[in-house]
1. Helix 140-157 sits at what angle to the longest principal axis of the chain, using alpha carbons and giving 0 to 90 degrees rounded to 10?
2. From the Cα gyration tensor of region 274-420, with a ≥ b ≥ c the square roots of its eigenvalues, which class applies: rounded if a/c is under 1.5, or else prolate if a/b is larger than b/c, or else oblate?
3. In whole angstrom, how far apart do the alpha carbon centroids of region 343-380 and region 169-195 sit?
4. Which net charge results for the neighbourhood of Thr247, defined as the other residues with beta-carbon distances under 11 angstrom from its beta-carbon, given Lys and Arg at +1 and Asp and Glu at -1?
5. Sorted by average packing, counted as other Cβ atoms within 10 angstrom per residue and highest first, what order do 393-404, 243-254 take?
6. Mind checking the per residue accessible area of region 39-109 for me, 1.4 Å probe, whole number of Å²?
7. Angle between the Cα long axis of helix 18-30 and the longest principal axis of the chain, 0 to 90 degrees, nearest 10?
8. In the chain, carbon and sulfur make up what percent of the accessible area (probe 1.4 Å)?
Amino acid sequence: MSGGTIMDTMTSLPHQNDQNVIRHLTNLVKSPASGDDDIKKKEDSIMELGNILAQNKQTEELRKMIEQTRPFLVSLGKAKAAKLVRDLVDLCLKIDDQDGDIKVGLVKECIQWATEQNRTFLRQTLTARLVRLYNDLQRHTQALPLAADLIRELKKVDDKDVLVEVELEESKAYYNLANIGRARASLTGARTTANAIYVNPRMQSALDLQSGILHAADEKDFKTAFSYFYEAFEGYDSVDEKSAALTALKYMLLCKVMLDVPDEVSSLLSAKLALKYSGSDLEAMKAIAAAAQKRSLKDFQAAFGAFPQELQMDPVVRKHFHSLSERMLEKDLCRIIEPYSFVQIDHVAQQIGIDRSKVEKKLSQMILDQKLSGSLDQGEGMLIVFDIATPDEAYQTALDTIHAMGEVVDALYSNASKIN
């Protein structure tokens, strides 16, 4: 049976049994192709089979299929073969809940084949994919040396498209290893390179997302970080990258909580662009915002316990956990002592549910930081809360009047000097 006949049979199948489809496509992939029509049909069949195997999470079968297509790839032009291999590898990398070692092995095999076939551009592109895979698998120490070598090589050949991707992945690796300075330097390099070329919306959104993460981590500049996250969210939404857009939206909500405006979270989620997004990530951030509004440390800790995957396992949220906890503790302490002028520290500790010594230490810190107007009487174990005196406007008015009179006297003296 010729390739064209098999393809005709394929199109007439009801596609109700994936195994039958896979069997027919596999036969077509293995069959020799002669003529441009057969080659085009075989390319389409390879991608269709790859999509089905990826949807069924059959990573090992996808690896074998890529290996079986290599003799056919040799007969194709370098650009066409490179695109086909990249697309198949990307399908493999998108498979969730699969052994990472199988994915790494597949990419390394493809890199080895590209090296043997002297296909430099394909090898560089696949190596960039391997760097990204290492980051996805949290193997950042393996990603960094590979990225550094590839960046040096790409700068020599001036391949800016792949260079932007690799520098971005290098920035992510440094960030996850808590080297914020190097992460910022790598991101600056990526953005500088991106300014010299056309960057597709997906890559631009990835750059904006990483910029927001670093602004939040390094300078605690959550207002600027929010702007970057918003740009990333709009970019991902425009190319229908729902998962990445959801991540950017989640970090936008985090910024609102960190900026001490948790009441804006609900209005942000009711905006036109955000209405179509939902999920446990947004529910987790809504729970954190609700706890911040109530100024309740207990509710905050309950939210972190109820959403471990969305909050505790998220590297960005986890890095801000300590700061969030401290802020919530301060808010809860202020809420408890608000009605009192004198209050026992033991009572505050009992109400908030943490150790007395920790409460006393935190109150001392808040007084020193001028976040609380009061003093600690350690002998009596009491907190004395001072009334916040409203500034008397008469003093400021008097100072402004004296300043204005001084300017009048100076002007009169200047005019008198000229007359003399």
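1. Orientation of helix 140-157: about 70 degrees from the principal axis.
2. Values: a/c = 3.80, a/b = 1.81, b/c = 2.10.
Cα axes put region 274-420 in the oblate bin.
3. 41
4. Working: positive: Lys242, Lys250; negative: Glu241, Asp281, Glu310, Asp314.
Computed value for this residue: -2.
5. On the way: 393-404: 9.5, 243-254: 22.1.
Listed from highest to lowest mean packing, they are 243-254, 393-404.
6. Values: 3290 Å² over 71 residues.
Heavy-atom SASA per residue in region 39-109 reads 46 Å².
7. Result, in degrees: 60.
8. On the way: 11450 of 22570 Å².
Using a 1.4 Å probe with all protein chains present, the chain comes out at 51 percent carbon and sulfur.
The values are calculated or read from the model by the stated rules, or taken from the named source; none is laboratory data. The shown structure was predicted, so the numbers you read here are calculated from the model rather than taken from an experiment. Every residue, glycine among them, receives a Cβ derived from its backbone with ideal geometry; neighbour counts consider all protein chains shown. Just the protein is used for accessible areas: all its heavy atoms, side chains included, with ligands, DNA and RNA removed. Shrake-Rupley method; radii C 1.70, N 1.55, O 1.52, S 1.80 Å.
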